[in-house]
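Presented below is the structure to which this report refers.
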């Protein structure tokens, strides 16, 4: 693989104009297609096979058209203190607003709160529901403006009016302050790392190109595949993070190879053949982990995983082709300032013929102690037990809260109080009770009963008598008269643990109720669906973690030709993921530092978050593992002892791995300011997991374990060595691929004639 990638990188360097033209053509074609494609949807979560989904499917079958995905908007009217919405001019203001809502574009119908019993018992609150002929993604600005205009009319009469619902969702997907903050922080880290504007700007430029290509592709497929706006934001997040990091590794190796004396085109080839090999490996692990999310059985999760995997694949291709192509346009611009000045001095000296050769030294760090990475490695080697104990205990302490992890699907209650959706949610909870925002939908199949209506009444009465149910609605029958639907309103909010217990109680008592009614029923609705999805995902956490950890062991066996190194890497990954989950529980579930991060309401962790985080962090952890440990193995295979190999690996890789991790943390942290709950949690979780994995696991625990293992770390049974394929991630086959040019000698000195 290293030889193939060497040829690819060198060819991209030499044929740079064609490479850039091809990528610009691909981007233009995708952008044109995306411009005319329908926008991303706000797809609801579903999971075939669970009870709530089966009940919803039965509703669609028996009540055709009524369970469609048409958008809805809810307008909540609250009377001034001590007054009622049913009195005098307030009643008239509500009626006028309802009439205005009904005349809005794309509106299918509006419910009048006074005729549909949508007024609270104390008369302080009422609500009107607007249904649309189109899905939420197709509701235009004019439709939303009509709702806002009607609300303003009612406000003029003294009412407090708030709006919510899928039609009013203002989440516009990627593109905003989060990306600017992340890119700015990444630019600063790159500038400090490289000391060159060109070297810092090139990874940013190529990452933006990769993100533009991947997002254009996602937008093009959003309509046909039903991709959500969260998919776009996730693609943006991952595309920026891995795109910058992968380009960073290639540019860093290119600079190193130039310092060893290779000609620019050969340095580009070697950089892609070595660092590019690790980029391919790391990218493949992320793609496999994200693509593997499809085994969970949630269509939305599958789509988001595959779209994010596509963004990562594009980032890999850009790093392997666009980066060396741009290096071809400016081969010396990415070099450090001192190296550029020395090279100019060498060229000037060459003009003086017949002069004796001299060496112009390029200042380097102290030869005895090495750089900061080497000094840190020596510190760990002197105190491996202490470093290992502190690192493991620290991560273990952070992981403890993960034992109380609760999964769910936060809704409008998790949004900022600055949004009208959150205020509408709170107003409905105050006026109608906390369970009003998450009623349970009961679907009764009484086709086998002698008297379907009597059977449905029996089911309704038994559920109404269940502790925790405050009211049940009147049942609606289908045209055949054998299937009915009614709603049961809990006394607790949708994300309350007692609501989950209530659903379990109803389902536990179901056999006795069904025998009495001679009919069957199932519980569904948004609340029940979220509970079922959370249970399904939680049951899949351990198997998925085992699969991902096992995959890490197999892949690293192939790369490092060692048994203990992969096991250590997988255990470290598990520890960092559990610690990151503990951070999520501390912030979003228990409320620690919640206000600092803009978390308005504590509650369960989003159901999809843990599995998503495992898949993404797995690839990133293996990324740092490969770049750090492969340099150690390279030094060991060249004759260095186990301890000295650790020092050599840190001397060459610690700085670039640190920069890559800081860039990842910066990009992910930028998304903490997003409004979407999933994206906010992903930002916190991924930033925490990358920080812990890179700086605690890879930078502390890994060298400590390798120091304790010594030579045993690099042993592999002969029979296993014969079975495993050989993958040249270190680029050993490129050692003699091209002779070094007289650009710079291996010691960082420049030969010149004066």
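The values are calculated or read from the model by the stated rules, or taken from the named source; none is laboratory data. Please read these numbers as outputs of a predicted model, since none were measured by experiment. Positions of Cβ are generated from backbone atoms using ideal geometry, with glycine treated the same way; all protein chains shown enter the neighbour counts.
Is there a residue in the range 169-184 that is at pLDDT 75 or above, in a helix (DSSP H, G or I), outside the structural domain of residue 104 (by TED's automatic domain parsing) and in contact with a helix residue (DSSP H, G or I) (Cβ under 7 Å, 6 or more places away or on another chain)?
No - not one qualifying residue is present in the range 169-184.
What's the total number of residues in the range 256-300 that are farther than 30 Å from residue 548 by Cβ and not in a loop (DSSP other than H, G, I, E, B)?
Applying the first criterion (farther than 30 Å from residue 548 by Cβ) to the range 256-300 yields 256-270.
Now restrict to residues that are not in a loop (DSSP other than H, G, I, E, B): 256-259, 264-270.
Counting residues in the range 256-300 that are farther than 30 Å from residue 548 by Cβ and not in a loop (DSSP other than H, G, I, E, B) gives 11.
Go through the range 143-168 residue by residue and tally those that are modelled with pLDDT of 90 or more, under 16 Å from residue 107 (Cα atoms) and in a strand (DSSP E or B).
So the answer is 1.
Residue 515 fails exactly one of the following numbered conditions: (1) in a helix (DSSP H, G or I); (2) in contact (Cβ under 8 Å) with a residue 12 or more places away in the chain. What is the number of that condition?
Only one criterion in (1) in a helix (DSSP H, G or I); (2) in contact (Cβ under 8 Å) with a residue 12 or more places away in the chain is unmet by residue 515, namely (2).
Any idea how many residues of the range 88-128 are over 12 Å from residue 75 (Cα atoms) and assigned to a loop (DSSP other than H, G, I, E, B)?
So the answer is 13.
Given (1) on the phi > 0 side of the Ramachandran plot; (2) at pLDDT 80 or above, where does residue 573 come up short, assuming only one miss?
It is condition (1) that residue 573 fails.
Name the residues in the range 129-142 that are in a loop (DSSP other than H, G, I, E, B) and touching a helix residue (DSSP H, G or I) at 6+ places or on another chain (Cβ under 9 Å), would you? Spell out how you get there, then give the answer.
Here is the first cut: in the range 129-142, the ones in a loop (DSSP other than H, G, I, E, B) are 133-135, 139-140.
Once the filter is applied, which keeps residues that are in a loop (DSSP other than H, G, I, E, B) and touching a helix residue (DSSP H, G or I) at 6+ places or on another chain (Cβ under 9 Å), the range 129-142 yields 134, 135, 139.
Going by what's in this entry, would residue 353 be described as modelled with pLDDT under 85, in a loop (DSSP other than H, G, I, E, B) and not assigned by TED's automatic domain parsing to the domain that holds residue 679?
Working: modelled with pLDDT under 85: yes; in a loop (DSSP other than H, G, I, E, B): yes; not assigned by TED's automatic domain parsing to the domain that holds residue 679: yes.
Answer is yes for this residue.
Every residue in the range 500-510 that is outside any loop (DSSP other than H, G, I, E, B) and modelled with pLDDT of 90 or more, please. If you could, list the steps in order and put the result at the bottom.
Applying the first criterion (outside any loop (DSSP other than H, G, I, E, B)) to the range 500-510 yields 500-508, 510.
If the condition is that a residue be outside any loop (DSSP other than H, G, I, E, B) and modelled with pLDDT of 90 or more, then 501, 502, 503, 504, 505, 506, 507, 508, 510 are the ones that fit.
Matching residues to (1) buried (at least 22 other Cβ atoms within 10 Å of the Cβ); (2) modelled with pLDDT under 90; (3) in a helix (DSSP H, G or I); (4) not assigned by TED's automatic domain parsing to the domain that holds residue 148:
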| position | (1), (2), (3), (4) |
| --- | --- |
| 381 | no, no, yes, yes |
| 385 | no, no, yes, yes |
| 444 | yes, no, no, yes |
| 461 | no, no, yes, yes |
| 480 | no, yes, no, yes |
| 488 | yes, no, no, yes |
| 495 | yes, yes, no, yes |
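I'd like to check something: does the range 486-508 contain any residue that is closer than 20 Å to residue 59 by Cβ and free of Cβ contacts under 8 Å to residues at least 40 places away in the same chain?
No: the range 486-508 contains no residue that is closer than 20 Å to residue 59 by Cβ and free of Cβ contacts under 8 Å to residues at least 40 places away in the same chain.
Quick check on the range 426-434. Is at least one of its residues within 30 Å of residue 577 (Cα to Cα) and in contact with a helix residue (DSSP H, G or I) (Cβ under 6 Å, 6 or more places away or on another chain)? Walk me through how you get there before you give the answer.
Residues of the range 426-434 within 30 Å of residue 577 (Cα to Cα): none.
No: zero hits.
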